[in-house]
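Working notes, structure below.
Rule-based calculations on the coordinates, nothing more; no lab input. Not measured: the values here are computed from a predicted model. When we count neighbours, we look across all protein chains shown, and the Cβ atoms used for this are built from the backbone with ideal geometry, even at glycine.
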Amino acid sequence: MSTHTTTDAPLFEARDVHKSFGAVDVLRGMSVGVEPGHITAIVGDNGAGKSTFIKCLTGIYSPDAGSLAFRGKAVTVSSPDHARKLGIETVYQDLGLVDDLPVWHNLHLNRELTWGRGPFSVLRRKAMSRDAARMLEELDVRIPSPDIEIRALSGGQRQAVAISRAVSWGPSLVIMDEPTAALGVRETAAVEELIGRLRSRGTSVLLISHDMPQVLRLCDTVTVLRHGRTVSSRPVGQLSPDRLVALITGASTDKEMFA
């Protein structure tokens with residue numbers, strides 16, 4: 001659990017966010033705050049609205065109502081590029097890696113180092129390879145070489161490369177959508193260690209996960225989303241797997257459980 005102190009102003013805050021698609025109300029009052037240097041989880045059943053909320057936060061969708069604030073200032077995130085400029089990076093389940101490219105190129109996707117301009121530009125391959133080795137070393141990510149193609153890596157190594165790419169460009173907030181869903185026990189442990197190192201660097205993490213033991217191991221705060229609404233937001237020390245399941249399913253309410 002984080003040793004960082006909580007400040008009055010969260011790094012990021014969403015209040016009463018709503019989003020509908022036609023007659024379907026997906027988000028009906030989503031609120032969450034992320035403190036600096038903390039890991040915050042959003043949990044809920046399939047269809048609770050977690051993915052829609054992340055897309056609102058990262059500029060893929062525009063909320064119909066509610067507000068977003070980053071570093072204490074109201075923001076309207078207009079696009080994924082705008083989110084990145086604010087310091088928000090996202091690691092999706094599909095990772096967004098290119099199998100046929102080496103690790104160093106994946107770490108520099110859309111941020112390539114080049115000589116020259118326009119159609120006469122040339123990739124600075126050696127410089128990007130050295131830069132990639134430094135990025136991986138700083139996060140203690142172990143892969144055979146930054147020159148190896150992504151397709152040659154294991155699932156855990158691929159996840160580590162995707163996280164490294166998100167973190168290495170100086171973000172304040174990294175969003176991770178089910179980062180260990182397809183991994184085995186050993187690879188899951190390695191990725192969890194990497195996430196813990198992000199917190200020790202002062203990077204805030206917003207984690208989407210169905211793995212309740214993982215949430216309780218890693219996170220400082222857990223926000224429960226049900227039917228598009230935030231129904232609870234509690235420090236992890238106040239929760240247990242049974243309490244989380246009860247909140248997610250509606251078997252018990254926050255007021256009943258913590259009265």
- Residue by residue, what Karplus-based ³J(HN,Hα) values in Hz, rounded to whole numbers, does region 163-169 have, using 6.51, -1.76 and 1.60 with θ = phi - 60° and x for Gly and Pro? 5, 4, 4, 5, 7, 6, 9
- Message: So for region 100-259, averaging the separation of alpha carbon pairs under 8 Å that are six or more residues apart and normalising by length, what relative contact order in percent results?
- Response: 15
- Determine, for region 1-130, the count of lysine pairs separated by eight or more sequence positions (or lying on different chains) whose alpha-carbon distance falls under 30 Å. 10
- Given the C-alpha centroids of region 197-243 and region 81-113, what is the distance between them in whole angstrom? 25
- Are there trypsin sites (Lys or Arg not before Pro) in region 197-259 that DSSP puts in a loop and that have at most 16 other Cβ atoms within 10 Å, and which ones? 201
- Message: Tell me the relative contact order for region 1-126 as a rounded percent, counting alpha carbon contacts under 8 Å between residues six or more apart.
- Response: 20
- Let a ≥ b ≥ c be the square roots of the eigenvalues of the Cα gyration tensor of the chain; is it rounded (a/c under 1.5), or, if not, prolate (a/b larger than b/c) or oblate? prolate
